[in-house]
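Contents: one structure, followed by commentary.
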Amino acid sequence: MAETFVIVGAGQAAAQATEALRRGGFAGRLVLVGDERELPYQRPPLSKKFLAGELPLERLSIKPPTFYEQARVELRLGVAAEALDLAKRELVLADGERLGYDRLLLATGTGPRRLTVPGADLAGIHYLRTVADVDRIRAEVGAARRAVIVGGGYIGLEVAATCRGLGLEVDVLEMAERVMNRVVAAELSAFFALEHARAGVRIHTQTLVSGFRARSDSPRQVASVETLGGVEFPADLVIVGVGVVPLTGLAAGAGLACENGIAVDEYARTSDPHVYAAGDCTSQPSLRYGRRIRLESVDNAFEQAKTAAANLQGGSVVHDRVPWFWSDQYDLKLLIAGLNVDYDRVIVRGDPATRSFACCYLRGQELLAIDCVNDPKDYMAAKKLIAERARVDPGRLADVAIALKDSVL
């Protein structure tokens, strides 16, 4: 009897897993469950070209509709998975359907971290995670003059750049002492803060939101953002980007181990041998960095889904890659390879004034990670060296006249 594999989630990991399963020879029943009505689509453009109206919805799709037809994928879109019965190997959907499975892949992704301050439920306050979120924001942008972005991380700054390009006055409120505080060095934070200031974006660091005030003539519509410092920022539109949380409710409710995500081993296997997980929702061991990590990365979702697909079919493929990320702000492309954990110094390679440079993170003489601005050549070279745990000469690394690969000891 043919086996049934069920994939829960309809993002990058889910789309890649369906392709990898069929490409790998799985001929059984394959069911894809997603709570959004759209086919699996790319999320990175949501805060940039899609929000700006420069990219149509059909261009977001990871695979065309014909792929799912030809791959014989049964789609259950627009319906949420409500419960998981590990003993019976059944997935219960919101419409009452019970899907039996031989193997299950959880690719549930993340959801936005939400504010709980007074007034957080007012109209005009938005989060950006789905196509529907962007549609609601775009419906208000045309009539808006002032936008307040809460959060100065990747999403907040990308949205700020997009809103500024649409002609809005933009204030960014960041609670930390600098933008992108958790993910990049101080030198890179300062560079991007200056670039946003040049574009007319006003960034306010060490600013904590305490609530939202409604309009006097429309008590359900946001009028301003209030801060603990007593400063009030007028807003026709508010977009909150204060991080995401892994969607583990289905897994935790079934009794699967969760630890800042659905806990998996290096084979993408959960605490139940019949259930695997991949993508942003997972907490995974990093052999390279010697710790458990959770990655919000398209590349990780893509590669971990391939690993999971192989192992769902009885393989023993280990997932252990150097992670990489990117962010587009204005005409700047930030490429990041590796994780800047436990570093003891940062080497700035190149001059930020040229708008093409890199920040290299070292522990001793080992290259742990690199952040590259408009510098794809150094990014590609460093990615290889990071995987090899290469030791470099800091002096040669700082000299842009010397190829990065030639800084190796």
Quick test of your reading of the structure: Asp320 fulfils all but one of (1) among the acidic types (Asp, Glu); (2) crowded, with 20+ Cβ neighbours inside 10 Å; (3) in contact with a Leu (Cβ under 7 Å, 6 or more places away or on another chain). Name the failing condition by number. (2)
Go over the candidates Arg345, Arg396, Arg355, Arg349 one by one and state the one that is out of contact with any helix residue (DSSP H, G or I) (no Cβ under 7 Å at 6 or more places or on another chain), surrounded by 15 or more Cβ atoms within 10 Å (Cβ to Cβ) and modelled with pLDDT of 95 or more. Arg355
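For the structure I just gave you, tell me whether Asp280 is acidic (Asp, Glu) and not assigned by TED's automatic domain parsing to the domain that holds Gly255. Step through it out loud before you land on a result.
Details: acidic (Asp, Glu): yes; not assigned by TED's automatic domain parsing to the domain that holds Gly255: no.
No, not satisfied.
With a cut-off of at least 2 residues that are touching a Gly at 6+ places or on another chain (Cβ under 6 Å), name the strands (runs of 3 or more DSSP E) lying wholly within region 1-110.
On the way: elements: 4-8, 29-34, 73-77, 81-85, 90-93, 98-100, 103-106.
Correct list: empty, since no element meets the threshold.
How many residues are of a type in the set (Gly, Ala, Ser) and exposed (fewer than 14 other Cβ atoms within 10 Å of the Cβ) if we restrict to region 49-77?
Looking only at region 49-77, we keep the residues that are of a type in the set (Gly, Ala, Ser), and these are 52-53, 61, 71.
Among the residues that remain, those that are also exposed (fewer than 14 other Cβ atoms within 10 Å of the Cβ) are: 53.
Final tally of qualifying residues: 1.
Tell me the residue from Gly78, Gly124, Gly109 that is touching a Cys at 6+ places or on another chain (Cβ under 6 Å) and within 30 Å of Ala139 (Cβ to Cβ), please. Talk me through it step by step, then tell me what you get.
Working: Gly78 fails: touching a Cys at 6+ places or on another chain (Cβ under 6 Å); Gly124 fails: touching a Cys at 6+ places or on another chain (Cβ under 6 Å).
Just a single option satisfies the conditions, and that option is Gly109.
Restricting attention to region 236-254, which residues are more than 30 Å from Ala83 (Cα to Cα) and assigned to a loop (DSSP other than H, G, I, E, B)? Let's see the steps before the verdict.
Here is the first cut: in region 236-254, the residues more than 30 Å from Ala83 (Cα to Cα) are 236-239.
Passing the criteria: only Asp236.
Can you say whether Arg220 is out of contact with any Gly (no Cβ under 8 Å at 6 or more places or on another chain) and of a type outside the set (Asp, Glu), as far as the supplied structure shows? Outline the logic, then answer.
Working: out of contact with any Gly (no Cβ under 8 Å at 6 or more places or on another chain): yes; of a type outside the set (Asp, Glu): yes.
Yes: the conditions hold for Arg220.
Within region 202-209, does at least one residue satisfy the condition of being in a loop (DSSP other than H, G, I, E, B), surrounded by 19 or more Cβ atoms within 10 Å (Cβ to Cβ) and under 18 Å from the mean Cα position of the chain (by Cα)? Show your work before the answer.
First, the residues of region 202-209 that are in a loop (DSSP other than H, G, I, E, B): 205-208.
Right, trim to surrounded by 19 or more Cβ atoms within 10 Å (Cβ to Cβ) and you get 207.
Filter once more, so that each one left must be under 18 Å from the mean Cα position of the chain (by Cα): none.
No, because not a single residue in region 202-209 is in a loop (DSSP other than H, G, I, E, B), surrounded by 19 or more Cβ atoms within 10 Å (Cβ to Cβ) and under 18 Å from the mean Cα position of the chain (by Cα).
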Among all residue pairs at least 6 apart or on different chains, which show Cβ distances below 7 Å where the first residue, located in region 46-57, is under 13 Å from Cys163 (Cβ atoms) and outside the structural domain of Gly156 (by TED's automatic domain parsing) and the second is assigned to a loop (DSSP other than H, G, I, E, B) and hydrophobic (A, V, I, L, M, F, W, C)? Ser47/Leu128; Ala52/Leu166
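Pick from Asp265, Asp280: which is exposed (fewer than 15 other Cβ atoms within 10 Å of the Cβ) and closer than 29 Å to Leu367 by Cβ? Quick ask: steps written out before the conclusion?
Numbers: Asp280 fails: exposed (fewer than 15 other Cβ atoms within 10 Å of the Cβ).
Testing whether each residue is exposed (fewer than 15 other Cβ atoms within 10 Å of the Cβ) and closer than 29 Å to Leu367 by Cβ leaves just Asp265.
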Please indicate, with yes or no, whether at least one residue in region 227-235 is part of a loop (DSSP other than H, G, I, E, B), outside the structural domain of Ala81 (by TED's automatic domain parsing), of a type in the set (Val, Ile, Thr) and more than 26 Å from the chain's Cα centre (by Cα). yes
Just checking: which of the strands (runs of 3 or more DSSP E) contained wholly in region 302-393 hold 2 or more residues that are touching a residue at least 24 places away in the same chain (Cβ under 8 Å) and of a type in the set (Val, Ile, Thr)? 345-349, 366-373
Within region 60-79, track down each residue that is under 22 Å from Glu296 (Cα atoms) and either over 19 Å from the mean Cα position of the chain (by Cα) or modelled with pLDDT under 95 (or both). Lys63
Considering region 272-296 alone, what residues qualify as being in contact with a helix residue (DSSP H, G or I) (Cβ under 9 Å, 6 or more places away or on another chain) and either among the aromatic types (Phe, Trp, Tyr) or free of Cβ contacts under 8 Å to residues at least 24 places away in the same chain (or both)? Tyr276
Being in the same structural domain as Ala13 (by TED's automatic domain parsing) and either farther than 30 Å from Glu174 by Cβ or of a type in the set (Phe, Trp, Tyr) (or both), is that true of even one residue in region 243-251? yes
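Looking at this structure, is Leu295 buried (at least 21 other Cβ atoms within 10 Å of the Cβ) and in a strand (DSSP E or B)?
Numbers: buried (at least 21 other Cβ atoms within 10 Å of the Cβ): yes; in a strand (DSSP E or B): no.
In short, no.
The values are calculated or read from the model by the stated rules, or taken from the named source; none is laboratory data. All values reported here derive from a predicted model rather than from experimental measurement. Note that each Cβ is placed from the backbone with ideal geometry, even for glycine, and that neighbours are counted across all protein chains shown.
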